[in-house]
Amino acid sequence: MKKLLDEFKTFITKGNIIDMAIGVIIGGAFTGLVTSLLDNIISPILGFFSVGGINGFSITLFKAELRIGAFFMDIVNFLIMAAVVFLIMKFVNSIINKFKKQEEAAPPKPSKEEELLTEIRDLLKAQAAGTVSAEKKSE
């Protein structure tokens, strides 16, 4: 139980909760925006082609009203939300990949100590192989 509480504490302190809360708030606001787009722009345009509007389209079956128009608008709402989330994630991933490529493309320059150690290593390998020239030995 203690391990589980420690993991939860780590989860909270890493900022994941704050990121998730911000995502929920922005998602709620965006949902309102998409719903407004559907109710005020897309639904009236589609309703122009059908009698009573797309949201008013329903079928009564065994005393139960099947609101097909409202279901259709929910599908459109979902597709718009999914497309926007997909585009946002594609944008974020492209930025992340760009930074990763920059990090991989430019390896850090070795320090003076590393350069000297590399030179010494190469000289020792050459000396062990018996290929050190007289010039290198005199230095």
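Just so it is clear, none of the values below were taken in a lab; they were calculated from the coordinates. All figures in this text were calculated on a predicted structure; none of them were measured in a lab. Neighbour counts run over all protein chains shown; Cβ positions are idealised from the backbone, glycine included.
Exposure proxy ranking for 37, 116, based on other Cβ atoms within 10 angstrom of each Cβ and starting from the fewest, stands as 116, 37.
For residue 66, the residues whose amide H sits under 5 Å from its own are 59, 60, 61, ignoring neighbours fewer than 5 places away on the same chain, with H placed 1.01 Å from N.
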